[in-house]
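Notes follow once the structure below has been shown.
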Amino acid sequence: VLVKSLQQGGHLAAGTSPSSGSGGNGGPASGKRLTIAMMPKSLGNAYFIAAHKGATDAAKELGVDLLWEGPTDPDPAKQNEIVDTWVTRGVDVIAVACENREGIASALRNAKSKNIKVLTYDADSVPDARDFFVNQATPEGIGYTLMDTAARVMGNKGKFAIITASLTASNMNEWKKNIVARLKDKYPDIELLDYRPCDDKQDRAFAEAQTIMNKYPDVKLIMAICSPAVPGAAEAVKQAGKNGQVHVIGLGLPNDNKKYVHEGITDAVILWNTMDLGYLTVWSADALAKGTLKPGDTSIQAGRIGKVEIKGDNILLGQPFIFNKDNIDKFDF
């Protein structure tokens, strides 16, 4: 059910028009269609391709125009450039998965100063730079679920390493803080060996997993906390012939990992419905622009998702979900 990204080189391809629907809900001014500009951390990442699918579905339902643009690779400076372009264009709402929490704040504040509504999703900026954060799950919920799952797989003892997307990824650094907090609080016989970036690329994750296994022969588990890293690490374990010796868990998409889950290399994949994250972001952006989402609200109605809780300025998609051999084939994204 995933769709290919329409973008090339970080911008809309020539001849490509924004996603839109046939509805007529309009924008804040009578007769004007809303334009919602939405940015992933990087194009081509299956996680964000799934989010794009959900965002496109919501745009069609709401009758709004959706711009989907982003860097080809995680690049905070490029994200800033794209936001500045959107401000010049005068879009109605900007929604960004932030690669660098502080680095994008000035560009987002500038957008707000021009009366453009600003959301973040997936990875937040500093709170004063946006109106709401569409949060796939709390950092504590994600970090604790990852660490508890790792501990279960390891039998509450042994050594593990983490592969992340980048050392500047704000959401992953928050997850790491909570992973470490849970580790220190509950698992005295487990040791974190290393924390290595893969640039959000599967082949780099494969290489990093090889490095980890060579450097630490007694590593028992690799925890991959960005979606390309989970199958990358699993393939490295498979090719090293260490199935059963080195386990893999992580945050990823079911379709990317079914093979490795069924082969017993990847014990569990933890995530949320990424399409629903994109879908909820566009519904929230639409409501924000129309004034039906405002500070102090405790919930929002979001189409097919239904009622979604708001805590403070965080719109919460829900709790992490654990995919395993028993249930992973029920999902297709």
Handout entry: Dipole-positive endmost among THR145, ALA224, PRO295 within the chain (Cβ charges, Cα centre)
Key = PRO295
Exercise for the section: Mind checking the per residue accessible area of the chain for me, 1.4 Å probe, whole number of Å²? Expected result: 40 Å²
Handout entry: Cα-Cα over 20 Å, subset of LYS41/LYS176; LYS186/LYS242; LYS184/LYS220
Key = LYS186/LYS242
Exercise for the section: Roll a 1.4 angstrom probe over the protein heavy atoms and tell me the percent of accessible area of the chain that is carbon or sulfur. Expected result: 47 percent
Exercise for the section: Count the net charge of all other residues whose Cβ sits under 13 Å from the Cβ of LYS294, scoring Lys and Arg as +1 and Asp and Glu as -1. Expected result: -1
Practice task
Would you compute, from DSSP H runs of 4+ residues alone, the mean residue ellipticity of the chain at 222 nm, taking -39500 (n - 2.57) per run and dividing by the full residue count, rounded to the nearest 500?
Solution key: -12000 deg cm²/dmol
Exercise for the section: Tell me which label goes with the value of semi-axes √(5λ) of the Cα gyration tensor in Å computed from the coordinates here: [x] 36, 19, 18; [y] 49, 24, 17; [z] 29, 25, 20. Expected result: [x]
Exercise for the section: Excluding LEU317 itself, calculate the net charge of residues whose Cβ lies under 14 Å from the Cβ of LEU317, where each Lys or Arg counts +1 and each Asp or Glu counts -1. Expected result: -1
Problem - Among ILE82, LEU108, GLY70 the positive-end extreme of the charge dipole of region 45-127 (Cβ point charges) - result: LEU108
Exercise for the section: Using Cα centres only, tell me the gap between region 126-191 and region 199-248 in whole Å. Expected result: 18 Å
Practice task
Take the alpha carbon atoms of region 266-333, find their center, do the same for region 34-74, and report the distance between the two centers in whole angstrom.
Solution key: 15 Å
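The values are calculated or read from the model by the stated rules, or taken from the named source; none is laboratory data. In this text, all values refer to a predicted model and were calculated from it rather than measured experimentally. Neighbour counts are summed over all protein chains in view; Cβ atoms, including those assigned to glycine, are modelled from backbone coordinates with ideal geometry. With ligands, DNA and RNA removed, areas are computed over all heavy atoms of the protein, side chains included. Shrake-Rupley method; radii C 1.70, N 1.55, O 1.52, S 1.80 Å.
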